[in-house]
Amino acid sequence: METEKLFADKADLYAVARPMYPQALFDFISSITNGRDRAWDCASGNGQAAVGLVKSFSKVYASDISHEQIANAFQSPNIEYSVQAAENTNYMDHQFDLVNVAQALHWFDYEKYWDEVSRVLNPRGVFVAYSYIWPAVNNAVDDVVEQSLKKIIEPYWASNNRIVWDGYKTVDFPFKRLATPDIDLTNQWDLHQFVDYLHTWSATRRCMEEIGDDFFNAAKENLTKVWGDPNTKMTIKNPLTIIAGNAW
């Protein structure tokens with residue numbers, strides 16, 4: 001499945017089921033940027049990060065390769081969405097104070113992408129990327145997710161996802177690294193919201209295409225047994241991996 005098609009599939013579900021980023025993350029990003037005029041949210045998806053960035057920057061330019069993702073994006077008068085590949089945009093040279101990548105750095109062609117970032121980032125600009133992987137709820141729920149879902153879909157993950165699992169340690173980062181804080185992505189979700197989130201995993205969808213959705217329905221049944229009342233809200237935590245740097 002090509003990257004564009006992968007993220008076009010279930011774009012509407014992605015918009016409502018993917019977790020939103022905490023204010024602490026955007027406070028950190030604001031603290032390391034010298035200018036707060038224009039930011040590029042690269043591979044923005046539905047704009048989950050763009051709507052947080054727009055509180056600190058006068059204008060956020062949000063791009064994504066998927067028409068469907070942009071069509072389902074969160075709207076704001078100070079966010080300008082466009083459909084563009086990360087490695088080749090129509091932005092001006094040295095246009096941005098910040099280049100931001102949320103949950104997408106592992107999908108790029110780095111040989112081309114870093115050149116594009118260097119071209120559009122102003123000389124005092126900052127690059128930041130962040131990602132999250134496995135959610136933690138409690139021992140019972142986590143065990144069901146592991147046994148009923150993760151083990152089944154494991155062969156269906158793209159090799160790119162392993163870059164995230166390794167905490168971006170294998171990425172040849174061309175900028176001077178900045179210290180980053182430990183921040184958790186925390187959401188209060190009921191069972192329906194949690195299941196929708198698991199459905200957005202690319203390996204879940206690939207596995208469904210290959211073998212059908214019986215495995216996913218069985219996982220939902222097993223989750224219901226340990227969750228209790230499906231309307232009960234539980235705390236879901238995803239630790240963030242954050243890398244940041246500048247060229248000066």
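So which residues in segment 182-222 are surrounded by fewer than 16 Cβ atoms within 10 Å (Cβ to Cβ), β-branched (Val, Ile, Thr) and under 25 Å from Asn46 (Cα atoms)?
Thr186
Can you find even one residue in segment 200-207 that is within 29 Å of Thr232 (Cα to Cα) and either in contact with a Pro (Cβ under 7 Å, 6 or more places away or on another chain) or among the aliphatic types (A, V, I, L, M) (or both)?
yes
Would you check if there is a residue in segment 168-190 being touching a Ser or Thr at 6+ places or on another chain (Cβ under 7 Å), under 30 Å from Thr33 (Cβ atoms) and β-branched (Val, Ile, Thr)?
There is at least one residue in segment 168-190 that is touching a Ser or Thr at 6+ places or on another chain (Cβ under 7 Å), under 30 Å from Thr33 (Cβ atoms) and β-branched (Val, Ile, Thr).
Across segment 77-116, what is the number of residues that are in a loop (DSSP other than H, G, I, E, B), closer than 21 Å to Leu185 by Cβ and of a type in the set (Gly, Ala, Ser)?
The number of residues fulfilling the criteria is 1.
Counting only residues that are at pLDDT 95 or above and of a type outside the set (Asp, Glu), give me the helices (runs of 4 or more DSSP H) lying completely in segment 152-248 with at least 3 of them.
Result: 191-200, 202-211, 214-227.
Here are some conditions: (1) surrounded by 17 or more Cβ atoms within 10 Å (Cβ to Cβ); (2) under 28 Å from Ala24 (Cβ atoms); (3) of a type outside the set (A, V, I, L, M); (4) over 14 Å from the mean Cα position of the chain (by Cα). Glu80 meets all but one. Which one does it not meet?
(1)
Return the residues of segment 30-76 that are in a helix (DSSP H, G or I) and among the small types (Gly, Ala, Ser); say none if nothing qualifies.
Ser30, Ser31, Ala50, Gly52, Ala71
If I go through segment 30-51 residue by residue, how many of them are surrounded by 24 or more Cβ atoms within 10 Å (Cβ to Cβ) and in contact (Cβ under 8 Å) with a residue 60 or more places away in the chain?
5
Looking for whichever is closer than 22 Å to Gly52 by Cα, of a type outside the set (Ser, Thr, Tyr), in contact with an Asp or Glu (Cβ under 8 Å, 6 or more places away or on another chain) and touching a residue at least 12 places away in the same chain (Cβ under 8 Å) here; the options are Ala104, Ala86, Ala136. Which one fits?
So the residue among Ala104, Ala86, Ala136 that is closer than 22 Å to Gly52 by Cα, of a type outside the set (Ser, Thr, Tyr), in contact with an Asp or Glu (Cβ under 8 Å, 6 or more places away or on another chain) and touching a residue at least 12 places away in the same chain (Cβ under 8 Å) is Ala86.
The values are calculated or read from the model by the stated rules, or taken from the named source; none is laboratory data. Bear in mind that the values here come from a model prediction, so they are computed numbers and not experimental data. FYI the Cβ positions are ideal-geometry reconstructions off the backbone, even for glycines, and counts take in every protein chain you see.
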